[in-house]
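The values are calculated or read from the model by the stated rules, or taken from the named source; none is laboratory data. Not measured: the values here are computed from a predicted model. Quick reminder, even Gly has a Cβ in these numbers, built from the backbone with ideal geometry, and neighbours come from all protein chains shown. Side chains are part of the model used for accessible areas, which takes the heavy atoms of the whole protein and leaves out ligands, DNA and RNA. Shrake-Rupley method; radii C 1.70, N 1.55, O 1.52, S 1.80 Å.
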Amino acid sequence: MGKLDGKVAVVTGASRGIGAEVARLFAAEGGRVVCAARTLKEGGHQLAGSLETTVAAIRASGGDAHAAAVDISEPAECERLMQTARDVYGPVDVLVNNAALTYYVPIKDYAVNRWIRSWAVNVHAPFVLSKLALNDMIPRARGAIVNISSGAAIGPGRGPYPDPKVGARGGTCYGAEKAALERFTQGLASEVYQYGISVTAVSPSQVVPTPGTVFHKLVTGMDDPRGEPASVLAKATLLLATEPYDKISGRVTYSQQILKEFGWITDARGRGVDTPGSGYSQI
């Protein structure tokens with residue numbers, strides 16, 4: 001018996017990296033997974049990875065998955081994604097808001113159109129998709145929404161700031177988006193708890209080497225020893241999607257922290273373990 005046998009899951013950003021790993025694990029646990037992203041075929045994006053690659057790997061392992069090429073920065077595309085899930089598999093049981101669009105640019109240099117598009121993907125889309133998923137979840141009094149956050153939500157604190165390199169890194173927009181996502185998580189969790197639905201957020205305890213984090217030079221490569229395998233965050237996402245809602249709803253947590261707390265791993269390190277997490281993770 002898999003932890004997601006018969007459940008319908010929608011995973012955004014599933015063409016590569018964390019999203020692809022979550023989709024593979026969910027399918028291995030019996031889930032029927034709708035993999036959503038913009039890149040359908042290899043070569044359609046500057047980074048390696050595509051929906052066809054993710055779905056092919058799942059099916060080769062005996063899993064059930066469907067590719068949905070959508071641009072979730074557009075509300076109409078979010079609606080199309082959720083309707084596709086219903087048409088192919090039925091009502092949605094689990095939504096994983098993982099997709100992210102990131103530009104590491106200082107605010108003084110940030111193009112307004114890029115700022116707006118980034119917020120559309122990283123904050124507005126989770127709202128629209130969650131609202132649509134609740135149409136399936138509330139009538140059945142069950143469901144799980146898992147938002148993928150980031151250590152970037154932990155701010156730099158107040159000044160002085162003696163190291164100019166920190167300010168020049170350009171993570172203010174992304175950090176603000178993830179802080180907003182964490183507040184959204186707990187607010188929505190409190191609203192839908194009465195319906196038996198869990199809403200949670202999880203960040204990696206350590207930076208996950210992916211094509212994206214390598215591109216943005218957050219890690220030195222896919223084998224950076226400082227990194228956390230994507231499989232660890234995927235396992236934490238599975239935990240949050242399957243544990244009883246009264247045990248986890250409203251949690252803003254970190255991959256290794258939550259896995260150790262629930263006994264899924266024995267050793268843990270990184271954010272939430274060795275160092276404090278964001279303010280929302282401590283509420």
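Structure above, values below:
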item: Yes/no for Val105 being in a strand (DSSP E or B) and more than 14 Å from the chain's Cα centre (by Cα); result: no
item: Residue check for Trp115: over 29 Å from Pro91 (Cα atoms) and modelled with pLDDT of 95 or more; result: yes
item: Residues of segment 120-146 classified as out of contact with any helix residue (DSSP H, G or I) (no Cβ under 6 Å at 6 or more places or on another chain), surrounded by 21 or more Cβ atoms within 10 Å (Cβ to Cβ) and not in a helix (DSSP H, G or I), total; result: 0
item: Long-range neighbours under 8 Å by Cβ, at least six apart or interchain, first residue touching a residue at least 60 places away in the same chain (Cβ under 8 Å) within segment 42-61, second among the small types (Gly, Ala, Ser) and assigned to a loop (DSSP other than H, G, I, E, B); result: Gly49/Ser15
item: Test: residue in segment 261-278 that is within 14 Å of the chain's Cα centre (by Cα) and within 26 Å of Asp93 (Cβ to Cβ); result: no
item: Filter result for Thr172 (touching a residue at least 60 places away in the same chain (Cβ under 8 Å), of a type outside the set (A, V, I, L, M) and open to solvent by 60 Å² or more (accessible area, probe 1.4 Å)); result: yes
item: Hits in segment 193-210 (condition: surrounded by 21 or more Cβ atoms within 10 Å (Cβ to Cβ) and either in contact with a Leu (Cβ under 9 Å, 6 or more places away or on another chain) or among the charged types (D, E, K, R) (or both)); result: Ile197, Ser198, Val199, Thr200, Ala201, Val202, Ser203, Pro204, Ser205, Val208, Pro209, Thr210
item: Listing of strands (runs of 3 or more DSSP E) fully contained in segment 1-94 that carry 3 or more residues being open to solvent by 30 Å² or more (accessible area, probe 1.4 Å) and at pLDDT 95 or above; result: 64-69
item: Subset of segment 258-278 [open to solvent by 50 Å² or more (accessible area, probe 1.4 Å), of a type outside the set (Val, Ile, Thr) and in contact with a strand residue (DSSP E or B) (Cβ under 9 Å, 6 or more places away or on another chain)]; result: Glu261, Arg271
